[in-house]
Amino acid sequence: WPRRFPCVGDVRGLGLMIGFELVKDQATKERAPELRDRIVDLAFQRGVLVLGAGPNSIRLAPPLVLTADQADFAVETLEECISEAVRTR
């Protein structure tokens with residue numbers, strides 16, 4: 001995602017628990033808490049529950065039993081939310 005979305009500064013995690021950091025600029029890593037909050041709200045409105053973590057990160061913690069369709073839906077929805085949040089900020 002950092003290559004695809006300039007607002008994503010870093011992606012880290014193990015297994016299914018993954019977090020991604022939202023930044024105003026990838027070079028300076030300046031935090032983007034407003035953008036994080038907007039993405040969390042947009043995802044919730046579309047049926048994907050994500051958790052804010054720290055000042056500017058989003059944590060993904062899906063259930064241990066997850067279908068490929070559910071994972072695809074979550075990723076596609078989050079990508080749409082990131083794009084919309086960046087477009088409307």
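The values are calculated or read from the model by the stated rules, or taken from the named source; none is laboratory data. Please read all numbers here as calculations on a predicted model, not as lab measurements. Positions of Cβ are generated from backbone atoms using ideal geometry, with glycine treated the same way; all protein chains shown enter the neighbour counts. Ligands, DNA and RNA are excluded from the accessible area calculation, which covers all protein heavy atoms including side chains. Shrake-Rupley method; radii C 1.70, N 1.55, O 1.52, S 1.80 Å.
For the range 16-89, the relative contact order is 35 percent, taking Cα pairs closer than 8 Å that sit 6 or more residues apart in sequence and dividing their mean separation by the residue count. A value for Rg and Dmax of the Cα atoms in Å was derived from the coordinates, and within the list (1) 16.4, 49; (2) 12.4, 38; (3) 13.2, 36 it appears as (2). Taking all protein chains into account, the per residue accessible area for the chain stands at 64 Å² (1.4 Å probe).
For the range 56-62, backbone phi angles converted through the Karplus equation (6.51, -1.76, 1.60; θ = phi - 60°) give residue-by-residue couplings of 8, 10, 10, 9, 9, 9, x Hz, Gly and Pro being listed as x. For the range 1-72, with all protein chains in place and a probe radius of 1.4 Å, 57% of the accessible heavy-atom surface sits on carbon or sulfur.
ALA85 sits among other residues whose Cβ lies under 10 Å from its own Cβ, and their net charge, with Lys and Arg +1 and Asp and Glu -1, is -1.
What does a probe at MET17 reach in the range 54-82, counting residues whose amide N is under 15 Å from the point 7 Å along Cα→Cβ? Only 54, 58-65 fall inside the zone, counting backbone N under 15 Å.
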